[in-house]
Amino acid sequence: MEAFNSKDLAMKAQKKIFSSMANKSTVQRFIDDTTSEILDELYRVSKEYTGNKGVAQKVIKNLIKIAVKIGVLFRNNCFSEEELKLAQEFKKKLHTGAMTAISFYEVDFTFDKTVMSDNLTECKDLLLKLVNSHLTSKSHDRISHVFNHYSDPQLLTKLYDPSGPFRPHLTKICLGLNKLVEDGTI
């Protein structure tokens with residue numbers, strides 16, 4: 001006989017409901033203004049880089065869905081001690097990545113696409129390990145889609161071009177990242 005667990009059912013429902021509500025107006029209820037501004041700039045970068053509004057929207061929507069689902073897992077204490085260690089390792093790697101991104105922005109001609117791309121790939125790998133037993137393969141594909149998109153060396157090179165068209169977006173992204181680092185959010 002199959003065991004029924006209302007907590008698991010409620011968590012699955014939360015993940016499903018939140019992931020279906022991943023649009024701008026709903027998300028603004030769940031994330032702070034700084035994060036929202038960063039997401040807006042990441043959307044603009046993706047849209048300009050790909051030349052495709054739909055692709056840019058899908059990347060951001062996937063990013064939001066994953067963040068919400070991981071938040072639900074944390075709130076429901078679904079991670080083991082080992083997984084919580086992975087989460088801390090991911091947070092450290094994300095912090096390092098944010099500091100590196102800011103440094104590359106602030107000091108012209110220090111940008112190294114391999115360093116940025118590798119950092120994002122390592123973040124992706126840690127996140128996939130963290131959620132391996134908690135999320136579906138579709139969610140794993142979303143994680144890969146987001147990280148593969150933003151770790152694209154050509155995208156990163158255009159983003160960090162000091163005289164390139166993406167410079168205003170990078171400025172806003174780095175200002176936001178700096179604030180999140182100072183606040184201890186990342």
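Hey, any hits in the range 76-94 for a residue that's closer than 22 Å to Arg44 by Cβ and either within 14 Å of the chain's Cα centre (by Cα) or free of Cβ contacts under 8 Å to residues at least 24 places away in the same chain (or both)? Before the answer, list the steps.
The first filter runs over the range 76-94 and keeps only residues closer than 22 Å to Arg44 by Cβ, leaving 94.
Applying the additional criterion that residues be either within 14 Å of the chain's Cα centre (by Cα) or free of Cβ contacts under 8 Å to residues at least 24 places away in the same chain (or both) yields 94.
Among the residues of the range 76-94, at least one is closer than 22 Å to Arg44 by Cβ and either within 14 Å of the chain's Cα centre (by Cα) or free of Cβ contacts under 8 Å to residues at least 24 places away in the same chain (or both), which makes the answer yes.
Within the range 101-143, how many residues turn out to be of a type in the set (S, T, N, Q), within 19 Å of Asn178 (Cβ to Cβ) and in contact with a helix residue (DSSP H, G or I) (Cβ under 6 Å, 6 or more places away or on another chain)? Lay out the reasoning, then the answer.
Of all residues in the range 101-143, those of a type in the set (S, T, N, Q) come to 103, 110, 114, 117, 119, 121, 132-133, 136-137, 139.
With within 19 Å of Asn178 (Cβ to Cβ) added as a condition, the list becomes 103, 110, 119.
Subset that is in contact with a helix residue (DSSP H, G or I) (Cβ under 6 Å, 6 or more places away or on another chain): 110, 119.
Matching residues across the range 101-143 total 2.
Can you tell me which residue within the range 128-156, out of those that are of a type in the set (A, V, I, L, M, F, W, C) and without any contact (Cβ under 8 Å) to a residue 40 or more places away in the chain, is nearest to Glu41 (Cα to Cα)?
Taking the range 128-156 as the starting set, the residues that turn out to be of a type in the set (A, V, I, L, M, F, W, C) are 128, 130-131, 135, 143, 146-147, 155-156.
From what is left, the residues that are without any contact (Cβ under 8 Å) to a residue 40 or more places away in the chain are 128, 147.
On the way: Leu128: 25, Phe147: 16 Å.
For the range 128-156, the residue satisfying everything is Phe147.
Scan the range 114-125 and give yes if some residue there is more than 15 Å from the chain's Cα centre (by Cα), outside any helix (DSSP H, G or I) and without any contact (Cβ under 8 Å) to a residue 24 or more places away in the chain, otherwise no.
No: the range 114-125 contains no residue that is more than 15 Å from the chain's Cα centre (by Cα), outside any helix (DSSP H, G or I) and without any contact (Cβ under 8 Å) to a residue 24 or more places away in the chain.
Being in a helix (DSSP H, G or I) and closer than 13 Å to Leu135 by Cα is the filter here, so list the residues in the range 60-94 that pass it.
Let us first name the residues in the range 60-94 that are in a helix (DSSP H, G or I), namely 60-75, 81-94.
Listed by number, the residues that qualify are Lys65, Ile66, Ala67, Val68, Lys69, Ile70, Gly71, Val72, Leu73, Phe74.
Looking only at the range 133-166, count every residue that is assigned to a helix (DSSP H, G or I), open to solvent by less than 40 Å² (accessible area, probe 1.4 Å) and farther than 21 Å from Lys65 by Cα and tell me the total.
As a first pass, look at the range 133-166 and keep what is assigned to a helix (DSSP H, G or I): 137-150, 153-159.
Narrowing the set further to residues that are open to solvent by less than 40 Å² (accessible area, probe 1.4 Å) leaves 139-140, 142-144, 146-147, 149-150, 155-156, 159.
Okay, now just the ones that are also farther than 21 Å from Lys65 by Cα, so 155-156, 159.
Final tally of qualifying residues: 3.
Output the residue which, of all residues in the range 95-113 that are surrounded by fewer than 18 Cβ atoms within 10 Å (Cβ to Cβ) and not in a helix (DSSP H, G or I), is nearest to the chain's Cα centre (by Cα).
Asp112
Looking at Phe90, Phe74, can you tell me which residue is open to solvent by 30 Å² or more (accessible area, probe 1.4 Å), within 24 Å of Ile31 (Cα to Cα) and in contact with a Cys (Cβ under 7 Å, 6 or more places away or on another chain)? Full working, then the answer.
Numbers: Phe74 fails: in contact with a Cys (Cβ under 7 Å, 6 or more places away or on another chain).
After ruling out the rest, the residue left standing is Phe90.
Just one of Ile186, Ile143 is touching a Leu at 6+ places or on another chain (Cβ under 6 Å), modelled with pLDDT under 95 and on the phi < 0 side of the Ramachandran plot; which is it? Please lay out each step first, then the result.
On the way: Ile143 fails: modelled with pLDDT under 95.
From the options Ile186, Ile143, the qualifying one is Ile186.
The values are calculated or read from the model by the stated rules, or taken from the named source; none is laboratory data. Not measured: the values here are computed from a predicted model. Note: ideal-geometry Cβ built from the backbone for every residue, glycine included; neighbour counts use all protein chains shown. Keep in mind that these areas ignore ligands, DNA and RNA; they rest on the heavy atoms of the full protein, side chains included. Shrake-Rupley method; radii C 1.70, N 1.55, O 1.52, S 1.80 Å.
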